[in-house]
Structures are given as C-alpha cells and as structure tokens.
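Participant: Can you keep this structure in mind? I'll have questions shortly.
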Amino acid sequence: HWCGDINDAKKALEDYYVGMYESVANYAEGLTEDTATIPNHLAFYIDYERMARDWELSGDIYSIETAYQEVHIFYSH
C-alpha cells in the first residue's frame, strides 16, 4: 500500500493503526455501536458488511488480512 516507502509505512503503523478485528464488518459494527445510539427496532436493518465495504472503497480505511479472522485496520488519513 505504501509503494515501498518505509517512512510512510512506519507513520501508518504509528499514527493510523486502528487495531485487529475478526473482519472489517466487525470493526464497522463496533465503531457504530460505540459512537451512535441505534434503536432496537432498527438494529437488524444495518448491514455492516456493506458499510465496511463502502468505507474501504471510499478510501476512508484500508485493511490487511494476516490470518483467518485476523484483519488489521488502518485509517487512510
């Protein structure tokens, strides 16, 4: 992702690393539940898989899967 620039890669590890999750969808679900109050009658309508995909496609985050159910999440900026 950092095109061989070790300084940019180091900065990403230090400043943009979010953490390790089972999936990007798990990250989206956790972040949403931590930052918003979702009424119980609407909770089943939220598609965290698509939310996570949209975040990655928009460039807001990127992920690196290192093993089964081991995904490292980084902010892009």
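The values are calculated or read from the model by the stated rules, or taken from the named source; none is laboratory data. Please read all numbers here as calculations on a predicted model, not as lab measurements. Glycine also receives a Cβ, built like all others from the backbone with ideal geometry; neighbour counts cover every protein chain displayed. These accessible areas exclude ligands, DNA and RNA; they are computed on the full protein's heavy atoms, side chains included. Shrake-Rupley method; radii C 1.70, N 1.55, O 1.52, S 1.80 Å.
Participant: I'd like the orientation of helix 24-35 relative to the chain: the angle between its Cα long axis and the longest Cα principal axis, in ° from 0 to 90, rounded to 10.
Facilitator: That helix lies at roughly 60 degrees to the long axis.
Participant: Roughly how big is the range 1-43's charge dipole about its Cα centre, with Cβ charges of +1 (Lys, Arg) and -1 (Asp, Glu), in debye to the nearest 20?
Facilitator: Working: 2 positive and 8 negative charges, 11 e Å.
My answer is approximately 60 debye.
Participant: Taking the Cα centre of the chain as origin, sum charge times position over the Cβ atoms of Lys and Arg (+1) and Asp and Glu (-1), and report the length of that vector in debye to the nearest 20.
Facilitator: Details: 4 positive and 15 negative charges, 15 e Å.
Using only the charged Cβ atoms, the result is roughly 80 debye.
Participant: Count neighbours as other Cβ atoms within 10 Å of each site's Cβ, and list the chymotrypsin sites (Phe, Trp or Tyr not before Pro) in the range 39-77 that are DSSP loop with at most 16 such neighbours.
Facilitator: Listed in order of number, the matching sites are F44, Y45, Y68.
Participant: Please give the contour-minus-distance gain from A67 to D54: 0.36 nm per residue of separation, less the Cα-Cα distance, rounded to one decimal in nm.
Facilitator: Full extension from A67 to D54 adds 2.4 nm.
Participant: Accessible area per residue for the chain in Å², computed with a 1.4 Å probe and the full protein assembly in place, what is it?
Facilitator: Values: 5720 Å² over 77 residues.
With all protein chains present, the chain gives 74 Å² per residue.
Participant: Hey, another quick one. Probe radius 1.4 Å, ligands and nucleic acids ignored: give me the carbon and sulfur share of the accessible area of the chain as a rounded percent.
Facilitator: Using a 1.4 Å probe with all protein chains present, the chain comes out at 52 percent carbon and sulfur.
Participant: Which of these values of P(r) over Cα pairs in 10 Å bins from 0, in percent was calculated from the structure shown: [x] 18, 46, 27, 7, 2; [y] 20, 61, 18, 0; [z] 17, 51, 27, 5?
Facilitator: [x]
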